[in-house]
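What follows is a single structure, written as structure tokens, with notes after it.
We did not get these values from a lab; they are worked out from the coordinates using the rules stated. In this text the structure is predicted, and so the values were computed from the model without any measurement. Cβ placement follows ideal geometry from the backbone for every residue including glycine, while neighbour counts extend to all protein chains displayed.
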Amino acid sequence: MGGAMTDTIAAAKAGDETAFAALTGRHRRELHVHCYRMLGSFDEAEDVVQEALLNAWRGLDTFDGGNFRAWLYRIATNACLDAIRKKDRRVPSVRSFAEVPWIQPYPDRLLDEIAPPEAEPHALAVARETIELAFLAVLQMLPPRQRAVLILRDVLGWQAAETAELLDLSVPAANSALQRGRATLRERLPQQRGEWSVQAPSEEERALVRRLVEAHDNGDFGTLSSLVRDDVRVTMPPEPHCYIGLEHLARHGRIAEEMGEWRAVAVDANRMPAFASYLRRPGDTVFRAFKLDLVRVVGGKAAEFTTFDSHLFPAFGLGAVLEGK
């Protein structure tokens, strides 16, 4: 560690909360994303990170002067493992997101806050295939330690010995857990992994979402149906239902039309195109936050909509009402 880092740690150990905030602040977002991958929930990740940082503050005297970032990851990962055990929550299969009712979206604007880790030439891996909803859902199938090993090794790029030490495992046990986790991902994830290889939605996907938003706002189901696949899937976590096909989509469209007027705003979440919808009900004077749709695009058409409520709008920088409409 450099002299400045050593001095900051010494000050934090002496009870300087400002020094501690300086030590942990640059790692907070990446820790939040790590916990999000472990738990699948934005809100629960926030709670666990808060707990982990509190534990770090209380246990700062135990830090021996090694890699401070790795020390924080140990605390955060163990906090995640404790949270998973308490909830006793693991899914046996993932045929749709309806089977992972706690899954939530993650705003790209927050992913972009992550600073490059020390001594690493690239930012923390938030490539599309490691933050996309399908990847997160399959992670929820893995036993907790297997999940942690796979994330640390294949997402964050940690070495086997580092991972084993963090999780108090032998290197052979960590390697075995990694192989089992990889096998599950190969079996459960779609074959077309190349569709997720880009860092952000492509311009073609953004153009498709703009057309979807326009059709959505105009109640133009004819245009909307031309932009989606015939076998389009719609899920609404935490609701336990998966709707497949244009007939179901049309029914949802009719219900939406009866509810009032809609306005949508394009956003990005989980390195996927998305749009946030506001509703003005009959008799109301403003458009109020209502829902968020993540869109999976296959072959130039929308293949899947995953619909969430509006409570994470602030994390996307969105207001409770749509101004100027």
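General remarks:
- Dmax and Rg, reported as Rg then Dmax, of region 3-196 (C-alpha, Å): 16.8, 53
- Cα gyration tensor shape of region 11-113, rounded if a/c is under 1.5, else prolate or oblate by comparing a/b with b/c: prolate
- FRET E, pair GLU204, ALA22, Förster distance 25 Å, beta-carbon r, rounded to 0.05: 0.05
- Spin-label model, HIS241 to SER93: label points 7 Å out along the Cα-to-beta-carbon direction sit 2.1 nm apart.
- Convex hull projection area averaged over all views, the chain, Cα basis, nm²: 18.2 nm²
- In the chain, helical runs assigned H by DSSP with n ≥ 4 each contribute -39500 (n - 2.57); averaged across all residues and rounded to the nearest 500, the mean residue ellipticity at 222 nm is -14000 deg cm²/dmol.
- Taking 0.36 nm per residue of separation and subtracting the Cα-Cα distance, full extension of the segment from GLU187 to GLU165 would add 5.1 nm.
- Dipole of the chain [Lys/Arg +1, Asp/Glu -1 at C-beta], most positive-end residue of ALA320, PHE287, ALA160: ALA160
- In the elastic network of the chain, a GNM with C-alpha springs shorter than 10 Å, the most mobile of THR184, THR18, THR77 is THR18.
- Dipole of region 1-62 [Lys/Arg +1, Asp/Glu -1 at C-beta], most positive-end residue of LEU53, GLY3, HIS34: GLY3
- The chain: most fluctuating residue of HIS248, HIS216, HIS34 per GNM, C-alpha cutoff 10 Å: HIS248
- Size of charge dipole - the chain - debye, nearest 20, with Cβ of Lys, Arg +1 and Asp, Glu -1, no other charges: 700 debye
- Label positions at ASN175 and ASP61, each projected 7 Å from the Cα along the C-beta direction, are separated by 4.0 nm.
- Counted residue by residue at 0.36 nm each, then reduced by the alpha carbon distance between them, the extension gain from ALA266 to ASP309 reaches 13.9 nm.
- Volume per residue of the convex hull around the Cα atoms, evaluated for region 272-325, comes out as 99 Å³.
- Cα pair distances exceeding 19 angstrom across region 203-316, given as percent: 42 percent
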